[in-house]
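The values are calculated or read from the model by the stated rules, or taken from the named source; none is laboratory data. The structure presented is a predicted model; accordingly, all values stated were derived computationally and were not measured. Virtual Cβ from ideal backbone geometry, glycine too; neighbours counted across all protein chains shown. To get the accessible areas, we keep the full protein, side chains included, count just its heavy atoms, and leave off ligands, DNA and RNA. Shrake-Rupley method; radii C 1.70, N 1.55, O 1.52, S 1.80 Å.
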Amino acid sequence: MTIDVVTIFPTMVEAVLQAGVVGRAIAGGTLDVKVRDLRDFTSDRHRVVDDVPYGGGPGMVLKPEPIFRALDAIEAERGAPLTVLLLSPQGRRLTQAWAEELSRAAHVVLLCGRYEGVDERVSARVTEEVSIGDYVLSGGELPALVVLDTVARQVPGVVGDDQSVAEDSFSRGLLDHPHYTRPVEVEGRDGTPLRVPEVLLSGHHAEIRRWRKREAVGRTLARRPDLLAGAALDEDERDILRELVAERDRGVGDGRD
Ligand code: 4GX
């Protein structure tokens with residue numbers, strides 16, 4: 001797949017794209033990502049990308065023509081159709097399911113707004129507006145990087161192990177189970193010994209699998225019960241959920257506060 005990021009802060013976006021699994025996928029040619037400076041698509045001496053809002057009010061608005069020219073250039077290079085995503089708090093909320101769908105698109109464009117936003121007439125060229133959550137950021141660059149990262153991980157070959165992507169807890173609609181590594185015991189504040197749960201040291205793989213499922217379902221029930229409605233649970237997990245819900249309704253504590 002190809003991904004084009006249109007921004008007035010190309011160095012900020014490029015810096016982030018050097019790191020980690022996504023950086024390696026770009027360097028190795030698995031992903032074709034280009035960061036485009038919106039100012040390169042202006043036609044005035046001062047490379048102006050913004051202007052005052054019609055009707056008055058505070059702040060500035062991104063002008064439409066540089067964005068249109070950028071999209072024309074990307075379409076000429078990549079071919080149609082483009083999936084053009086505008087990062088915006090007014091957008092449809094990003095989810096794992098939507099990211100998986102987007103990862104099957106041939107050519108994705110991420111349009112990063114700044115200031116008060118983008119001239120509304122740009123919407124004629126936008127496939128969909130995307131929000132990463134209900135909080136206000138200073139621009140679309142961080143949201144674009146969030147979308148890019150989660151979409152890119154779904155592209156075959158980007159994450160080393162396709163299995164781990166498919167089994168990713170969120171892909172199944174459950175929170176993850178806890179993880180531990182060496183040493184088997186560390187000292188907490190005040191010297192209390194903090195130990196790795198015994199079952200993980202036992203070597204009983206079936207028991208470990210069951211424990212992890214119980215932890216994942218338990219945490220999801222405690223922290224994000226809203227996820228359970230859409231979760232793809234196997235038979236064990238459904239049994240565990242029924243037990244935990246029954247315990248909860250009987251008022252049995254589970255130590256999760
Ligand atoms: N999830 N922002 C975009 C400027 C802007 C405003 C309106 C287009 C339309 C955000 C978020 C977010 C701040 C990015 C305002 N661009 N984007 N920017 N939350 O808060 O996606």
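Annotations for the structure displayed:
- Stretch in the chain that is longest and holds no trypsin sites (Lys or Arg not before Pro) that DSSP places in a loop and that have at most 16 other beta carbons within 10 Å: 105-255
- Dipole magnitude of the chain, debye to nearest 20 (Cβ charges: Lys/Arg +1, Asp/Glu -1, about Cα centre): 120
- Once all protein chains are placed together, residue 204 keeps about 100 Å² accessible to a 1.4 angstrom probe.
- Shape analysis of segment 153-257 places it in the oblate category; the axes a ≥ b ≥ c from the Cα gyration tensor give an a/c of at least 1.5, with a/b not above b/c.
- Taking 101, 247, 75 in turn, the Gaussian network model of the chain (Cα-Cα springs below 10 Å) assigns the largest fluctuation to 247.
- Å² of accessible area per residue within the chain, as computed with a 1.4 Å probe and no ligands counted: 59
- Distance between segment 119-166 and segment 1-65 - C-alpha centres, whole angstrom: 14
- Computed about its Cα centre, the charge dipole of segment 3-52 is approximately 180 debye, with only Lys, Arg, Asp and Glu carrying charge at their Cβ.
- Under the convention that each Lys and Arg Cβ holds +1 and each Asp and Glu Cβ holds -1, the size of the dipole of segment 1-87 around its Cα centre is about 160 debye.
- HN-Hα J in Hz across segment 146-155 - Karplus 6.51, -1.76, 1.60, θ = phi - 60°, x for Gly and Pro: 5, 4, 4, 4, 6, 5, 4, 4, 8, 7
- For residue 118, the amide hydrogen comes within under 5 Å of the amide hydrogens of 62, counting only partners 5 or more places away or on other chains and with H modelled in the peptide plane.
- Gyration tensor (alpha-carbon) shape descriptor, segment 131-214, a/c threshold 1.5: oblate
- Among 170, 68, the order of accessible area from largest down is 170, 68, computed with a 1.4 Å probe on protein heavy atoms.
- Dipole of segment 1-57 [Lys/Arg +1, Asp/Glu -1 at C-beta], most positive-end residue of 25, 2, 55: 25
- Distance between the 7 Å Cα→Cβ label points at residue 229 and residue 179: 3.0 nm.
- Rounded to whole Hz, the Karplus (6.51, -1.76, 1.60) HN-Hα couplings of segment 37-43, x for glycine and proline: 7, 4, 5, 5, 10, 8, 10
- Over the chain, relative contact order from alpha-carbon pairs under 8 Å, at least 6 apart, %: 17
- Highest-MSF residue in the chain out of 155, 13, 136 [GNM, Cα springs under 10 Å]: 136
- Across segment 131-257, Cα pairs under 8 Å and at least six residues apart give a relative contact order of 20 percent.
- Crossing angle, helix 205-223 versus the chain [Cα axis fit, 0-90 degrees, rounded to tens]: 60
- A crude spin-label estimate for the pair residue 44 and residue 215, with each label 7 Å from Cα along the Cβ direction, gives 5.8 nm.
- Crossing angle, helix 235-250 versus the chain [Cα axis fit, 0-90 degrees, rounded to tens]: 70
- DSSP-defined beta bridges in the chain - what % are antiparallel, rounded to 5: 20
- Result for the chain in a Gaussian network model with C-alpha springs under 10 Å: among 160, 91, 203, the largest mean-square fluctuation is at 203.
- Per atom type, the chain shows carbon and sulfur on 50% of its accessible surface, probed at 1.4 Å.
- Near residue 131, the amide H atoms lying under 5 Å from its own belong to 88, 91, 92, 93, 94; only residues 5 or more places off or on other chains count, and H is placed 1.01 Å from N.
- Between residue 50 and 63, the built amide H atoms are under 5 Å apart, and every one of these is 5 or more places off in sequence or on another chain.
- Residue-wise HN-Hα coupling along segment 69-82, computed from phi with Karplus coefficients 6.51, -1.76, 1.60 (Hz; x: Gly, Pro): 5, 4, 5, 4, 5, 5, 5, 4, 7, 8, x, 8, x, 8
- Note on residue 21 and residue 95: the model spin-label points, each 7 Å out from Cα along the C-beta direction, lie 2.2 nm apart.
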